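Heads up: the structure comes next, in structure tokens.
No lab work stands behind these numbers, since they all come straight from the coordinates. Being a predicted model, the structure only gives us computed values, none of them experimental. Please note: Cβ atoms are built from the backbone with ideal geometry, for glycine as well, and neighbour counts cover all protein chains shown.
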Amino acid sequence: MEHHRKDLDDFFQNDSNLLRLHNSALHMIRSTRGFIDESYADDLVQETLLAAWSHIDQYEGMAKITTWMFQIMRNVFINHIRIQSKIKKIEIAFLKILKASSPSKEMEVPLEAIEQEEVSKGISEALEKLPPDQKKVYLLLMEDKTYEEIGREMGKSQTQIRGVLYRARSDMKNALTFKGFVTKRKDGAYRRAG
């Protein structure tokens, strides 16, 4: 394994390898035709290098280190696309969740009154800023999992999952209020801004 660490370290030190990785990242991103922003290329390369370094013990030396690295990049990229696809589903569903989260209909955000692109961007950004456990609960809810299933997967009780979801909704409401998508009335209820 120490030999493989040296191979990986040599790979890191060679600027042409890093440039090839970056160019491949751009090529993968461009193949999505705008679904993934090109600014993700640097992050993709960093995530690939980190994944390779932390999983060097799985490298068996059967393929060239460059082949192994490009396979890791491909896997990291596919996982990123999966997450982004789930986030897109969440963007629309979140507003429904906010409305449904209160029996008093404190959240009045008609989708038709807000520019879809701005909503998508605002919700995506707010979701990305959630702590990992809150974000994971949302992603699992989008897979139509029950609180019990989510709890099992996360090693938490249903009550704890409900608490995480409550905090996530609160954080999302605050983020969307800060971004101007919703405003908080004097009585504490939320409504569409504008």
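The figures follow:
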quantity: Extension reserve of the residue 67-residue 136 stretch, reckoned as 0.36 nm per residue once the Cα distance is removed; calculated: 21.7 nm
quantity: Cα→Cβ-extended label distance, 7 Å offset, between residue 128 and residue 152, nm; calculated: 3.3 nm
quantity: Point-to-point label distance, residue 83-residue 15, nm (Cα→Cβ direction, 7 Å offset); calculated: 3.0 nm
quantity: Cross-link table 86/173; 64/86; 121/173; 64/136; 136/173, entries beyond 26 Å C-alpha to C-alpha; calculated: 64/86; 64/136
quantity: Relative packing of 161-172, 123-134, which averages over residues the other C-beta atoms within 10 Å, highest first; calculated: 161-172, 123-134
